[in-house]
1. Name the pairs whose Cβ atoms lie under 6 Å apart, with the first residue in the range 186-212 and in contact (Cβ under 8 Å) with a residue 60 or more places away in the chain, the second of a type in the set (A, V, I, L, M, F, W, C) and outside any helix (DSSP H, G or I), and 6 or more positions between them or separate chains?
2. If THR303 meets every condition in (1) part of a helix (DSSP H, G or I); (2) at pLDDT 85 or above apart from one, which number is that one?
3. Test SER281 against the criterion of being among the hydroxyl-bearing types (Ser, Thr, Tyr) and surrounded by fewer than 21 Cβ atoms within 10 Å (Cβ to Cβ), and give yes or no.
4. Criterion first (surrounded by fewer than 19 Cβ atoms within 10 Å (Cβ to Cβ) and at pLDDT below 95) does ASP388 satisfy it?
5. If the Cβ limit is 8 Å and pairs must be 6+ apart or interchain, which residue in the range 418-433 that is over 25 Å from HIS257 (Cβ atoms) pairs with which residue that is assigned to a strand (DSSP E or B)?
6. Quick one: in the range 230-288, of everything that is in a helix (DSSP H, G or I) and acidic (Asp, Glu), which residue is nearest to SER206 (Cα to Cα)?
7. I'm trying to understand the selection: among the residues of the range 314-343, which are part of a helix (DSSP H, G or I), touching a helix residue (DSSP H, G or I) at 6+ places or on another chain (Cβ under 8 Å) and among the aliphatic types (A, V, I, L, M)?
8. Every residue in the range 406-436 that is in a loop (DSSP other than H, G, I, E, B), at pLDDT below 90 and surrounded by 17 or more Cβ atoms within 10 Å (Cβ to Cβ), please.
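The values are calculated or read from the model by the stated rules, or taken from the named source; none is laboratory data. For clarity, every value in this text was computed on a predicted model and none was experimentally measured. Counting neighbours? That spans all protein chains shown, and the Cβs are built from the backbone with ideal geometry, glycine included.
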Amino acid sequence: MTTTHAVSTTVVAGITTVFGSDGLATVAGLDGKSSVYDQSSGKATKIIDHGKVFTRGSDGKMTPIPISLSSAADSVESSPGIASITAVQQPGFPGTTTTEPPRSNPSQQTSASSTAVSTAAVVGIAIACALAGLLIGFLAACIFLRRKRRKTAPPKTSDVRLEPKTATSSVTDIQLDQFLLEATPDKEITMEMQSRGDLIRQHVESHYQTGSVPADASRLSQSLVDLGFSDGPSPFDAHEVAALCLDPGTRQNSLQHVLLRVIFASLDFHSRSGLSMLPMSVALFLNEVPLAESEMSGGSRVTSLAFCQWRRLSTFLLHPDRGQRTPLPADKVTLASQAQALAAALNTVLDVFTNGDSVSKTEQTRHLEAVIMECAKLGYVLLSHPSDWKFITEDLDRRDGRGGMVVEAGLMKLSDREGVPYPSPRRVVAPVVHRASILRELL
């Protein structure tokens, strides 16, 4: 397609004439008809009438040429100035128009303006985010360096304060109390203590003779001394107890007294029995502690408090499952071995009163070991208790200088749950006492 440049344009009465640089003139009317004239001859060379194209042949006649709409549009566009000229009527001059250059599309200007604004906004947001990130990073670095300086800086002499020793100790105790073993209620301990007394009484009633037995009183007395009875003058010493055991009328009460006195002495935290039923580590420590006779039965408040605290901590540390906060459980194997040893020691006195056949002796020994183990379970409960306890195996209420024989042991509490000793012991379980007397000259 050839492009022709317009040299001049005139508009008269709505008819536009464009004079091209190739010597042709294109005339466009308002009726949609266009003609191309040769300026030199003044004859039309091409006519475009509503999509039909006519050209002048060599014979001077106008001949129609088949052409598509797109070709016709190209022909019009190839004419000088037709596609780019707009007729504008000048005010005051009817029929006269002037040409204006083509204007830009408003939508294109708006799009370009919007694109420019959007780009500027994105750039502004990016710069603001970058500045904010730098500011946050700077603040984080300042905080980190400040904490690091605090950790590495040596403490000032003026800031160091020594807390009182008592305050630190009290805080530690308060924290430990939340984890140490809990106390068994006194009511439950009372019931357990009474059941052990009944168990010992039933054992004596079922396994020992009630009639006269041939026995040497002095040998029996020595066996009682080996078990811990006193050899000197005291209420119910070894000689008196031996005589009461040989007497059929007082034998049952006397044998009950022998059993409870030896068994509970082996479980008493305050006694120093050679046949202890306490945990082996506890028994060994107690035997290593140098104590006077008065301290064994109570001692000073400081010593009592120290032993109470040590006992609580020891049972807590020996407990296989401290989180349960229950009394220290006994190791069955160790406890059975200790019960066998204690039963063998007791049988040095009791064998005289058992039936002679081997079956009866075996049954008596087996039942005696079971009684000892049941009493030991109660001993572990008291050992784990925050308060300090002591068994009552001697008559504390003497009447006219004549004491009675304890046939069922009692129990008293020596301190509160903090280990602070009471001004006087509190009796929780009263002992059962049998009143009897034997003249020394009759022994």
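1. If the second residue must be of a type in the set (A, V, I, L, M, F, W, C) and outside any helix (DSSP H, G or I), the pairs left are ASP186/VAL428; THR190/VAL429; MET193/LEU411; MET193/VAL429.
2. That leaves (2) as the condition not met.
3. yes
4. Working: surrounded by fewer than 19 Cβ atoms within 10 Å (Cβ to Cβ): no; at pLDDT below 95: yes.
It is false that ASP388 is surrounded by fewer than 19 Cβ atoms within 10 Å (Cβ to Cβ) and at pLDDT below 95.
5. PRO421/LEU414; PRO421/SER415; TYR422/LYS413; TYR422/LEU414; TYR422/SER415
6. Initially, the range 230-288 is screened for residues in a helix (DSSP H, G or I), giving 238-246, 251-265, 280-288.
If we keep only those that are acidic (Asp, Glu) as well, we get 240, 288.
Values: GLU240: 24, GLU288: 39 Å.
Only one residue fits best here, namely GLU240.
7. Taking the range 314-343 and keeping what is part of a helix (DSSP H, G or I), we get 314-318, 322-324, 332-343.
Those still in the list that are touching a helix residue (DSSP H, G or I) at 6+ places or on another chain (Cβ under 8 Å) too: 314-316, 318, 322, 334-336, 338-340, 342-343.
LEU318, LEU335, ALA336, ALA339, LEU342, ALA343, listed by residue number.
8. Of all residues in the range 406-436, those in a loop (DSSP other than H, G, I, E, B) come to 409, 416-420, 430-431, 435-436.
Okay, now just the ones that are also at pLDDT below 90, so 416-420, 435-436.
If the condition is that a residue be in a loop (DSSP other than H, G, I, E, B), at pLDDT below 90 and surrounded by 17 or more Cβ atoms within 10 Å (Cβ to Cβ), then GLY419, ALA436 are the ones that fit.
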